[in-house]
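Quick note: the coordinates plus some simple rules give every number you see, no bench work behind them. Quick caveat, the model's predicted, so the values are computed rather than measured. Because the Cβ atoms are built from the backbone with ideal geometry, glycine has one as well, and the counts that use them run over all protein chains shown.
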Protein chains: 2
Amino acid sequence: MEPYELSASEAARSIREGRLTSESLVRSCLERIDARDPGIRAWIHLDPALSLAAAREADKRFVAAPSAVGPLHGLPFGVKDVIDTADMPTTHNSPIFQGHRPGRDAACVAIARSAGGILLGKTDTVEFASGGRKAATRNPLNPDHTPGGSSSGSGAAVGDRHVPLAFGTQTGGSHIRPASFNGIYGMKPTWGAVSREGIKHYAVSLDTIGWYGRSVADLALMAEAYRLEGMGTTAPVPLAGLRVGLCRSPVWSSIEPAGEAALHLAASRLEQAGAIVVPFELPEEFATLAEVQDVIRRGEGRASFLDLHLSDRHRLHPELADHCEHNRGITTRTLTEAYDVAGLCRARFAGLFEGIDVILTPAAPGEAPKGLHTTGDHIFNGIWTVLHAPCVAVPCTQGPNGLPVGVQFVAPRFADANLLAMAEAMAPAVDPGMMTA
Amino acid sequence: MEPYELSASEAARSIREGRLTSESLVRSCLERIDARDPGIRAWIHLDPALSLAAAREADKRFVAAPSAVGPLHGLPFGVKDVIDTADMPTTHNSPIFQGHRPGRDAACVAIARSAGGILLGKTDTVEFASGGRKAATRNPLNPDHTPGGSSSGSGAAVGDRHVPLAFGTQTGGSHIRPASFNGIYGMKPTWGAVSREGIKHYAVSLDTIGWYGRSVADLALMAEAYRLEGMGTTAPVPLAGLRVGLCRSPVWSSIEPAGEAALHLAASRLEQAGAIVVPFELPEEFATLAEVQDVIRRGEGRASFLDLHLSDRHRLHPELADHCEHNRGITTRTLTEAYDVAGLCRARFAGLFEGIDVILTPAAPGEAPKGLHTTGDHIFNGIWTVLHAPCVAVPCTQGPNGLPVGVQFVAPRFADANLLAMAEAMAPAVDPGMMTA
């Protein structure tokens, strides 16, 4: 087994046990990228010498003080190119930012490095994680299909085993959907639990940093690095008796046969493994949350792109300039109404978990669509983004085109650690082949 | 009259009428700073050659196309040093960021430049606009007293006529309070109406960019540059019959005699000028909003300082490290409860304006306190910050120490343009000597 084939948690264990060096892991990942990326195009920027030097430093630190290393010690990670990095360019896949070097790490990158992680490179993204220019990235399982977006490169890079961990972002469904399309695990933590400083703003009350891995344990390593409340103190959760609310969600009319099949397969596997699956419906007032997400996204996007619209309008994609030029029916009145519905639903959400422990719901309508002109539909994600709820995507099955289809688990705000513990218990049932690990 | 004595709107008119050049205005401001700042210490960084070159460019653009210039054309502005600037350092008054050059303008600076403004320099601030190290700035009206904070330098610079406009930020009361302490006008727009990209994050759901000037018309120039909804289309508001809700607020027990006197003086002047002043009380559920603001500020501050706490803990002020190290009773449960009270109150706030058009309430407890170890108390500001409501500070009177005491006007979310129109009508009554203009 080559080092690049190890999941993050497997590699971390090997490094801690002295059976693997960070340098050999990074080298193996770089070789994998050399072999695969010409066809996948997940990466915008790599700096092998820099990453290898950081890995050698990490190996030295381990030798000097094996017990003092952080949870991500020696593990390479990829960074969506809307997230600032001190020693690599940050382009946002925008002509305005070609070659831009912000000179400082975004908070999430600085923390990952403090926890021992090795920055491997920057991954392709939809322009500003928003709209306009798509990533050049292809789905590693079928290059004629999208890997999803806007976290296209990070999803494909982890899916194709270029790197064990990578960062994405989600404002609508940019993080969880690509997890499903690439057959990997993804976590979007509670809004605000991880600093967004140093990432492009789109809709500040929705924007969330997320991460990809190839197991729930991988996701937990990152959650530990960010010191999410309850990490390290939450007990394992038994699957037997776990009450899973099967939520088709208010946007069920957008489901495709493959998405429906995955949801029901996940539910039946969980039942067979001892969980109690019950139907779960969101109350009436949650019915408009997908629209609420769109109104907030566009309404806040107006302020977020105004600087580029005024200073550099010819290089800003017309789709993004449109946020500033036309209100498309989104006024401060509709934005205020959307804020208030969102606030009301957020306040009620935790109270819905009386008869259930966790929500099981689609991660995407179905398989990754064909073509690179689309990144798929975020309709099954926007609701949970606007609720600020933590979400974990877990692979489940394949669709008619042989492409992966996952599901997601959702918990109340700030129940991130408990959600990870429940996902750890459920994943072996939902993803029995551990497709990706 | 020297150019530096002109308010922003007066200077803008003179420039448009060809009676003043931007270069002579900038030169006059720099001379004023030379004469005054050794005693005031409002500025952390100045680059006279750069500012003068930008002013000369602006003068050339005006000659080439006098009708094509923006609302801030040729006007120098100061920038609180937690806001990124492309061609000047951004230090956050932190040892970690000494000499740091982010290489890009924060969105608010980029927009001000696109509107024709000239960056004059960076103003001193409380460390990261949060806590820890205080600004070295002194109150221009009495150097033994604080100018307030955390927007200390910007408030003092506009108060002492070093520059006609300056940016501050507000998470608790960092913008409106210094306006009162320095006898100037200040606006905190609706949360989210102006992009916070490129400013230090503290508590993302509270952080707001604000600006200072020496008249309501000055504040309106900036609001126009940010294209706040309704600017340019809102009709002037007659003072006669305007219904002003006199709100002592749930934190009235913190008022000082000078703050109480200013509030009642403003009310009686407004009544004499034809406004209808009625008592206004916030409903019971708003009673805890000052505490809610503190919980959100500290709760979100934990994520905001974690990167520096992990990567550079010895240079992070202990007061800020404390956000990460100790929860001080603020858990994700209390944070969630605070979010929900905030969301509920925000949703109800606009509905309280049935019998009134605008709220009149204290901008600060009283005069600026003595000493530079404090920046005063934000207790009268946190409520409105957490409500995301636009606020305009207007000077009113002097306290027993001869220091200024202002009041503030508050309107529902996104009523920024209407608030400015109402403030324009009220200011001549509240501030009859136009103390600052």
- Amide H neighbours of B:VAL277 at under 5 Å, excluding residues fewer than 5 places away on the same chain, with H built from the backbone geometry, are B:VAL244
- Message: With θ taken as phi - 60° and the coefficients 6.51, -1.76 and 1.60, list the Karplus ³J(HN,Hα) couplings across the range A:116-122 in order, rounded to whole Hz; mark glycine and proline as x.
- Response: x, x, 10, 5, 8, x, 9
- Proximal lysines to A:LYS200, defined as alpha-carbon separation beneath 29 angstrom and excluding residues fewer than eight positions away on the same chain: A:LYS80, A:LYS122, A:LYS134, A:LYS188, A:LYS370, B:LYS80, B:LYS122, B:LYS188, B:LYS200
- Message: Suppose every Lys and Arg Cβ carries +1 and every Asp and Glu Cβ carries -1, with no other charges. What dipole size does chain B come out with about its Cα centre, to the nearest 20 debye?
- Response: 580
- Between the range B:97-124 and the range B:239-263, the alpha-carbon center distance in angstrom: 36
- Taking every residue of A:384-395, the Cβ atoms of other protein chains inside 10 Å of its Cβ average out to 0
- Item | For q = 0.17 Å⁻¹, Debye-computed log10 I/I(0) when each Cα of the range A:286-364 counts as one equal scatterer | -0.76
- Note on the structure: Computed over the protein assembly as shown, the distribution of all Cα-Cα distances in 10 Å bins, rounded to whole %, is 3, 13, 23, 25, 18, 11, 6, 1, 0
- Considering only DSSP beta bridges whose two residues both sit in the protein assembly as shown, what percent are antiparallel, to the nearest 5? 65
- Task: Work out the charge dipole of the protein assembly as shown with +1 on the Cβ of Lys and Arg and -1 on the Cβ of Asp and Glu about the Cα centre, then indicate which of A:GLY351, B:VAL79, A:PHE409 is farthest towards its positive end.
- Result: B:VAL79
- From the label point of B:HIS45, set 7 Å from Cα along Cα→Cβ, how far away are the matching label points in the other copies, in nm, ordered shortest to longest? 2.1
- Message: Between the range B:3-55 and the range B:186-225, what is the separation of their alpha carbon centroids in Å?
- Response: 21
- Inverse mean reciprocal Cα-Cα distance (Kirkwood Rh) of the range A:3-225, Å: 16.7
- If Lys and Arg each add +1 and Asp and Glu each add -1, what is the summed charge of the other residues whose beta carbon sits under 15 Å from the beta carbon of A:LEU219? -3
- So what's the gap between the Cα centers of the range B:364-418 and the range A:368-387, to the nearest angstrom? 44
- Sites matching chymotrypsin sites (Phe, Trp or Tyr not before Pro) across the range B:44-147 that sit in DSSP coil, with at most 14 neighbouring C-beta atoms within 10 Å: none
- Message: Neighbour counts of other C-beta atoms within 10 Å: give me B:TYR339, B:TYR185 arranged from fewest to most.
- Response: B:TYR339, B:TYR185
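Any idea what the dipole of the range A:3-225 comes to, in debye rounded to 20, about its Cα centre with Lys/Arg Cβ at +1 and Asp/Glu Cβ at -1?
Value, rounded to 20: 120 debye.
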- Nearest-20 debye value, the protein assembly as shown charge dipole, Cβ charges on Lys, Arg, Asp, Glu: 1080
- Query: When the Cα atoms of chain B are enclosed in a convex hull and the volume is divided per residue, what value in Å³ results?
  - Reply: 126
- Take the rotation relating chain B to chain A, measure from its axis to every Cβ in chain B, and name the nearest residue with the distance in whole Å. B:GLY343, 1
- Query: Where does the charge balance sit around A:HIS45 when Lys and Arg score +1, Asp and Glu -1, over other residues with C-beta under 10 Å from its C-beta?
  - Reply: -2
- Reachable aspartates and glutamates, given that their alpha-carbon falls under 13 Å from the alpha-carbon of A:LYS60 and they are not under 8 places away in the same chain: A:GLU23
- Across the identical copies, how the B:ARG315 labels are spaced - nm, sorted shortest first, 7 Å along Cα→Cβ: 3.0
- Message: Taking θ = phi - 60°, what integer Hz values does the Karplus form 6.51 cos²θ - 1.76 cosθ + 1.60 yield along the range A:223-238, in sequence order, with x for Gly and Pro?
- Response: 4, 5, 4, 8, 6, 4, 4, x, 5, x, 10, 7, 6, x, 9, x
- Query: Long-range amide H contacts for A:TRP43: which residues qualify at under 5 Å (H placed 1.01 Å from N, peptide plane, sequence gap of 5 or more or a different chain)?
  - Reply: A:ASP124
- Place the label 7 angstrom along Cα→C-beta at A:ARG56 and in each other copy, then list the distances from the first to the rest in nm, shortest first. 5.0
- Given H placed 1.01 Å from N in the peptide plane, which residues other than close sequence neighbours of A:GLN398 have an amide H under 5 Å from its amide H? A:VAL405
- Message: With θ taken as phi - 60° and the coefficients 6.51, -1.76 and 1.60, list the Karplus ³J(HN,Hα) couplings across the range B:152-169 in order, rounded to whole Hz; mark glycine and proline as x.
- Response: 4, x, 5, x, 5, 5, 6, x, 8, 6, 7, 7, x, 9, 7, 9, x, 9
- the range B:366-437, convex hull of Cα, quarter of hull surface, nm² -> 5.7
- Query: Add -39500 (n - 2.57) for each DSSP H run of 4 or more in chain A, then divide by its residues: what number comes out at 222 nm, to the nearest 500 deg cm²/dmol?
  - Reply: -11500 deg cm²/dmol
